[in-house]
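Comments concern the structure below.
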Amino acid sequence: MKPVTSATSWLFVAICALPAQGALAQSIADFVKHPTYSSAQISPAGTYLAMRVDRGEQDVLTVLRTDDLKIVAVNQLPDKKSVGSFYWTSPERLMFSAVRKIGSFERPVGTGEWFAVNADGTQPRTLIEYGTQNVTQRSKQVDGQFFSLLDTLPGDDTNVMMTAMYQRSSTGAGSEVVMVDTVSGRRKSLGRAPRENCSMVLDHEKQPAFAVCYSDKDDEAGYDMHSEVYAREADGKWSQISSSKSDGSRLRVLGSAANGDIYALRDDGRKPAAFGTLDARSGTFKELFQDPISEVSGYIRSVDGSDRILGVVTEAGEPEISLVDSVHPDAKLYASLAAAFPDQVVDFSSATKDGQLIVVSTYSDRNPGELYLYDRKTNQARFLMKNRPWIDPDKMGTMRPISFTARDGRLIHGYLTIPKGSNGKNLPLIVNVHGGPMGPRDNWGYGTEPQIFASRGYATLQINYRGSGGFGKEFQDQAYGQWAQGIMNDIIDGTRHVIAQGQADKDRVCVYGGSFGGYASLMAPARDADLFKCAFGYVGLYDAQIQLSKSDTSRSESGRRYLLRSFGRTRAEQDAMSPVTYANQIKLPVYLAAGARDERCPPEHTEAMAKALTAAGNAPEGMIIQSGEAHGFYKEENNERLYTEMLAFFDRHIGSGATAQPGR
């Protein structure tokens, strides 16, 4: 990780010794095992540590005593529902949402329900629930509304602020700010948004102040994102202060500091957005930071109750933190903690109300994640726990940022993971293509797939091709209509770049990916028949007609407009970008895998691709249609089977089991 900029290191942090690492080699089962925790927060008074813990098909909310990490209570929902987001609402009480797990490439699906409970498991309450309730519970019943948390109101141990979304039309939802009593579940409306599809932002007095509203309908492109920002006047009326259609720039209000500063992002629709402050009356934006390549991907926030943003994170390559408020005491503390954990990404995960106890999270390309408890009084950080204690960082590969110039002159960034102990030269290579393509991206940090491949001696190339998120709207928009051309050029050019650098053996390259990555795994070899020796497509999209008729994306007006802009409006354009069209040009060995319950890229894609390849005389070497799985496998046993088959497939074609190639 690059060092923190705009700050001076001045503090020594004493770190307790960590448990000794085991000497056993990492198995596939180790890599696919779910992490110990996925989120952790300290209580306002520091007495408890709450975390979401994986128990197979369910995530539960576990509360530990901070001083000895002994379990105080475990909260488990009925009907195989999992705990989603959770928050401390007072020193002794939490609230949390319910979700259902569906696939690893999709976020858990919220049920819409919210619950509250004391730290010791007493006084459990349903706050928001669907369905018919008895007379005493009807105040908690909602129909056609979805709630999300806005603010826990640190000075109020009873109430929280939430946004309620409700359907207003076939293409839009209304928004309302409500105060919710976390004991009784009673709700009080504090204001509605001025139009459909708005996110609500509070001011420093915790009152509705801004509505950031979106529309994805575009007269020319059919699908494009436009925004409007409204400010709430003293009389409760809304006035528009920004419109991307008329201003040519997009404004996003992030929130307010306790002193009234309003944080925002603004971009011109081309370059990465600038971070700064906003004058609510005039709409004037004051720029504090802008990176020429990378969007702001995260924030370092104060822990003293001032709600200040101290620094911003950018990720063209390794994460880089730039402090925008370097004189703040918490900024100086952050810089010192970052210096105490070299080569790690450090964050303030949560803190007590007075900011004296801080849960500090760390991770790197080889470290899946660790938690420490920093005590301001003693100036020491105590080790709490590891995210995946069975993973030995000393055995993991190293992730190196790379960049190259594509054939059309565009600068493309990515990452190359090198196996432990390798000199990084002439390695067998897996080109691991991320999903999307518009929006998602690969990031520096511990990744299960690159480390699985590295553990078996393969280098892994991950390319943030045009369309990837994090590099500005213009870069992302380059993917529309370019799935089979511009994006494939980036993947092919990036692969040839690492070969030309001597890092990969040109005769030992395979391509693999999930979702759009599955699409690319079949399309890239169709575009360049000599570059790859095998292809593994996972939960992929291979036929535009199937996606336009059977996917969940096609069921909404917005989703269909997105697909038509992506694929093209004519049948000829859609066929030209579909891998099934080129089955007779795909001569290399292929393996396919899909989830039987996948609604995003239905398994009919995989079946159609297999049928087309078989008809062309190149039947897949293997195919998995996994029952019970959706868009990405979730169960450990199914992932273990998937990667066992995948590694055996790679081994046959570019690994130790491969037939020697001429000139090798």
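The values are calculated or read from the model by the stated rules, or taken from the named source; none is laboratory data. Note that this is a predicted model, so its numbers are computed, not measured. Methodologically, a virtual Cβ is constructed for each residue, glycine included, from the backbone with ideal geometry; neighbour enumeration extends over all protein chains shown. When the accessible area is computed, the model is the full protein with side chains, heavy atoms only, and any ligands, DNA or RNA have been set aside. Shrake-Rupley method; radii C 1.70, N 1.55, O 1.52, S 1.80 Å.
For the reader, a short list of remarks on this structure follows.
- Of all residues making up the stretch 338-353, the number that are outside any loop (DSSP other than H, G, I, E, B) and either of a type in the set (Lys, Arg) or over 12 Å from residue 41 (Cα atoms) (or both): 6
- The helices (runs of 4 or more DSSP H) found wholly in the stretch 388-502 include none carrying at least 2 residues that are open to solvent by less than 10 Å² (accessible area, probe 1.4 Å) and of a type in the set (Lys, Arg).
- Yes/no for residue 371 being touching a residue at least 24 places away in the same chain (Cβ under 8 Å), under 23 Å from residue 445 (Cβ atoms), touching a His at 6+ places or on another chain (Cβ under 6 Å) and in a strand (DSSP E or B): no
- Test: residue in the stretch 404-413 that is hydroxyl-bearing (Ser, Thr, Tyr) and under 21 Å from residue 317 (Cβ atoms): yes
- Of all residues in the stretch 509-537, those satisfying the criterion of being over 26 Å from the mean Cα position of the chain (by Cα), crowded, with 19+ Cβ neighbours inside 10 Å and assigned to a loop (DSSP other than H, G, I, E, B) are 532, 533.
- Checked against (1) open to solvent by 50 Å² or more (accessible area, probe 1.4 Å); (2) part of a loop (DSSP other than H, G, I, E, B), residue 325 meets all criteria but (1).
- Pick from the stretch 538-586, criterion farther than 24 Å from residue 618 by Cα and among the aliphatic types (A, V, I, L, M), ranking: most open to solvent (accessible area, probe 1.4 Å): 572
- Restricting 296, 324 to those that are under 24 Å from residue 363 (Cβ atoms) and either of a type in the set (Lys, Arg) or touching a Gly at 6+ places or on another chain (Cβ under 7 Å) (or both) reduces the list to 324.
- Restricting the stretch 78-100 to residues that are open to solvent by 50 Å² or more (accessible area, probe 1.4 Å) and in a loop (DSSP other than H, G, I, E, B), the residue that is modelled with the highest pLDDT: 92
- Pairs are defined by a Cβ separation below 8 Å, a sequence spacing of at least 6 or placement on different chains, a first member in the stretch 471-500 that is over 20 Å from residue 567 (Cα atoms) and at pLDDT 95 or above, and a second member that is of a type in the set (Ser, Thr, Tyr) and in a loop (DSSP other than H, G, I, E, B); the pairs so defined are 471/294; 494/465.
- Flag if residue 229 is outside any strand (DSSP E or B), at negative phi, of a type in the set (Val, Ile, Thr) and modelled with pLDDT of 95 or more: no
- The listed residue being open to solvent by less than 10 Å² (accessible area, probe 1.4 Å) and among the acidic types (Asp, Glu), out of 330, 307, 261: 330
- If you go through the stretch 177-200 and keep only what is open to solvent by 10 Å² or more (accessible area, probe 1.4 Å), closer than 17 Å to residue 127 by Cα and of a type outside the set (Val, Ile, Thr), you end up with 179, 181, 184, 186, 187, 188, 189.
- Residue list for the stretch 152-181, restricted to those being of a type in the set (Val, Ile, Thr) and either more than 29 Å from the chain's Cα centre (by Cα) or modelled with pLDDT under 95 (or both): 158, 171
- Output for the stretch 610-649, where each listed residue is open to solvent by 20 Å² or more (accessible area, probe 1.4 Å) and of a type in the set (Asp, Glu): 621, 636, 637, 640, 645
- Of the strands (runs of 3 or more DSSP E) contained entirely in the stretch 1-77, those carrying at least 1 residues that are open to solvent by 60 Å² or more (accessible area, probe 1.4 Å) and at pLDDT 90 or above fall at 58-65, 71-75.
- When each of 115, 105 is tested for being buried (at least 21 other Cβ atoms within 10 Å of the Cβ), over 30 Å from residue 239 (Cα atoms) and modelled with pLDDT of 95 or more, the lone residue that passes is 115.
- Hits in the stretch 604-645 - residues which are without any contact (Cβ under 8 Å) to a residue 60 or more places away in the chain and among the hydroxyl-bearing types (Ser, Thr, Tyr): 614, 627
- Subset tally (residues that are over 23 Å from residue 206 (Cβ atoms) and in a loop (DSSP other than H, G, I, E, B)) for the stretch 240-281: 8
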